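Colleague: Sharing a structure, written as C-alpha coordinates. Questions coming.
The values are calculated or read from the model by the stated rules, or taken from the named source; none is laboratory data. Predicted, not measured: the structure shown is a model, and the values here were computed from it. As a convention, Cβ positions derive from the backbone with ideal geometry for all residues, glycine included, and neighbour counts pool all protein chains shown. Calculation scope for accessible area: heavy atoms of the full protein, side chains included, ligands and nucleic acids excluded. Shrake-Rupley method; radii C 1.70, N 1.55, O 1.52, S 1.80 Å.
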Amino acid sequence: MSITVYFSSVSGSRELKQQQSQIFSFLDSKKIKYQAVDITQGSEVKEEMRKKTGNPTALPPQVFNRDVYCGDFSVFYEAVEAGKAEAFFKL
(Lines give C-alpha, C1' and ligand atoms only; values in the text may rest on other atoms or scores of the structure.)
Protein backbone atom coordinates (compact mmCIF):
# COMPACT_ATOMS: atom_id res chain seq x y z
CA MET A 1 0.00 0.00 0.00
CA SER A 2 1.82 3.06 -1.20
CA ILE A 3 -0.79 5.84 -0.90
CA THR A 4 -1.27 7.42 2.52
CA VAL A 5 -4.00 9.96 3.23
CA TYR A 6 -3.83 11.97 6.42
CA PHE A 7 -7.36 12.96 7.45
CA SER A 8 -9.37 14.14 10.45
CA SER A 9 -12.29 12.08 11.76
CA VAL A 10 -13.33 14.98 13.98
CA SER A 11 -14.07 18.28 12.29
CA GLY A 12 -16.76 20.91 12.44
CA SER A 13 -15.95 21.92 8.87
CA ARG A 14 -18.35 20.60 6.24
CA GLU A 15 -15.86 21.64 3.55
CA LEU A 16 -13.06 19.57 5.11
CA LYS A 17 -15.32 16.52 5.38
CA GLN A 18 -16.36 16.88 1.72
CA GLN A 19 -12.75 17.25 0.59
CA GLN A 20 -11.69 14.12 2.46
CA SER A 21 -14.69 12.23 1.12
CA GLN A 22 -13.86 13.21 -2.48
CA ILE A 23 -10.31 11.87 -2.16
CA PHE A 24 -11.45 8.61 -0.55
CA SER A 25 -14.24 8.18 -3.12
CA PHE A 26 -11.82 8.71 -6.00
CA LEU A 27 -9.35 6.17 -4.62
CA ASP A 28 -12.13 3.64 -3.96
CA SER A 29 -13.64 4.10 -7.42
CA LYS A 30 -10.27 3.46 -9.06
CA LYS A 31 -9.61 0.52 -6.70
CA ILE A 32 -6.39 2.16 -5.51
CA LYS A 33 -5.33 0.78 -2.15
CA TYR A 34 -4.48 3.36 0.48
CA GLN A 35 -3.86 3.81 4.15
CA ALA A 36 -5.98 6.39 5.97
CA VAL A 37 -4.20 7.98 8.94
CA ASP A 38 -6.41 9.88 11.39
CA ILE A 39 -4.54 12.88 12.80
CA THR A 40 -6.98 13.14 15.72
CA GLN A 41 -5.53 9.97 17.25
CA GLY A 42 -2.63 11.93 18.72
CA SER A 43 -0.74 15.18 18.34
CA GLU A 44 2.34 13.24 17.22
CA VAL A 45 0.45 12.05 14.12
CA LYS A 46 -0.51 15.63 13.21
CA GLU A 47 3.08 16.77 13.75
CA GLU A 48 4.35 13.90 11.58
CA MET A 49 1.99 15.00 8.77
CA ARG A 50 3.12 18.60 9.06
CA LYS A 51 6.79 17.66 9.12
CA LYS A 52 6.38 15.49 6.02
CA THR A 53 4.60 18.29 4.12
CA GLY A 54 7.18 20.87 5.19
CA ASN A 55 4.34 23.13 6.36
CA PRO A 56 3.95 23.70 10.13
CA THR A 57 0.31 24.74 9.67
CA ALA A 58 -0.80 22.08 7.15
CA LEU A 59 -4.36 20.81 7.56
CA PRO A 60 -5.83 17.55 6.29
CA PRO A 61 -6.36 16.02 3.87
CA GLN A 62 -2.74 15.53 2.84
CA VAL A 63 -1.69 12.80 0.41
CA PHE A 64 1.59 10.90 0.08
CA ASN A 65 2.88 8.10 -2.13
CA ARG A 66 5.27 6.32 0.18
CA ASP A 67 7.39 9.21 1.48
CA VAL A 68 6.80 11.46 -1.55
CA TYR A 69 4.40 14.32 -0.92
CA CYS A 70 1.63 14.43 -3.53
CA GLY A 71 -0.27 17.46 -2.23
CA ASP A 72 -3.38 18.67 -0.48
CA PHE A 73 -6.99 18.80 -1.68
CA SER A 74 -6.54 21.84 -3.93
CA VAL A 75 -3.73 20.14 -5.87
CA PHE A 76 -5.78 16.92 -6.05
CA TYR A 77 -8.82 18.83 -7.36
CA GLU A 78 -6.79 20.60 -10.06
CA ALA A 79 -5.26 17.29 -11.16
CA VAL A 80 -8.66 15.58 -11.41
CA GLU A 81 -10.11 18.50 -13.39
CA ALA A 82 -7.15 18.32 -15.77
CA GLY A 83 -7.48 14.54 -16.13
CA LYS A 84 -4.12 13.98 -14.46
CA ALA A 85 -5.11 12.29 -11.20
CA GLU A 86 -2.69 9.39 -11.72
CA ALA A 87 0.14 11.91 -11.99
CA PHE A 88 -1.02 13.56 -8.74
CA PHE A 89 -0.83 10.22 -6.90
CA LYS A 90 2.52 9.53 -8.61
CA LEU A 91 1.26 6.16 -9.88
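Colleague: Multiply the residue gap between ASN55 and GLN35 by 0.36 nm, knock off their C-alpha separation, and tell me the result in nm, one decimal place.
Modeller: 5.1 nm
Colleague: Points 7 angstrom from Cα along the Cβ direction at GLN18 and TYR77: gap in nanometres?
Modeller: A separation of 0.8 nm, rounded to one decimal place.
Colleague: Using the Karplus curve 6.51 cos²θ - 1.76 cosθ + 1.60 with θ = phi - 60°, what ³J(HN,Hα) values do you get for each residue of segment 75-91, in whole Hz, with x for Gly and Pro?
Modeller: 5, 4, 4, 4, 5, 5, 4, 8, x, 10, 4, 4, 5, 4, 7, 6, 8
Colleague: With every protein chain left in place, what is the accessible area per residue of segment 1-56 in square angstrom, probe 1.4 Å? Kindly include the intermediate steps, with their values, before the conclusion.
Modeller: On the way: 3640 Å² over 56 residues.
Here the residues of segment 1-56 average 65 Å² of exposed surface.
Colleague: Continuing with this model, one more query. Hey, what did the chain get for relative contact order, percent, Cα under 8 Å, at least 6 apart?
Modeller: Relative contact order comes out at 34 percent.
Colleague: Sticking with this structure for a sec: Subtracting the Cα-Cα distance from 0.36 nm times the residue separation, let me have the gained length for GLU86 to GLU47 in nm, one decimal.
Modeller: Numbers: separation 39, 0.36 × 39 = 14.04 nm, distance 2.71 nm.
Gain in length upon complete extension: 11.3 nm.
Colleague: When the accessible area of the chain is split by element with a 1.4 Å probe, what percent falls to carbon and sulfur?
Modeller: Values: 2750 of 5630 Å².
Reported share for carbon and sulfur atoms: 49 percent.
Colleague: Given Cβ point charges of +1 (Lys, Arg) and -1 (Asp, Glu) and nothing else, what value in debye, to the nearest 20, does the dipole of the chain about its Cα centre take? Don't skip to the answer; put the middle values down first.
Modeller: Details: 12 positive and 11 negative charges, 34 e Å.
In total the dipole reaches around 160 debye.
Colleague: Provide the gained length on full extension for the span TYR69 to SER2, in nm with one decimal, where the gain is 0.36 nm per separating residue minus the Cα-Cα distance. Could you put the intermediate results ahead of the total?
Modeller: Details: separation 67, 0.36 × 67 = 24.12 nm, distance 1.16 nm.
Going from the current span to full extension adds 23.0 nm.
Colleague: For segment 2-91, take N as its residue count and report Rg(C-alpha) divided by 2.2 N^0.38 Å. Show your work: numbers first, answer last.
Modeller: Values: Rg = 12.2 Å, N = 90, 2.2 N^0.38 = 12.2 Å.
After normalising by residue count via 2.2 N^0.38 Å, the value is 1.01.
Colleague: Among GLN22, SER9, PHE89, which residue has its Cα furthest toward the positive end of the charge dipole of the chain, with +1 on Lys/Arg Cβ and -1 on Asp/Glu Cβ?
Modeller: PHE89
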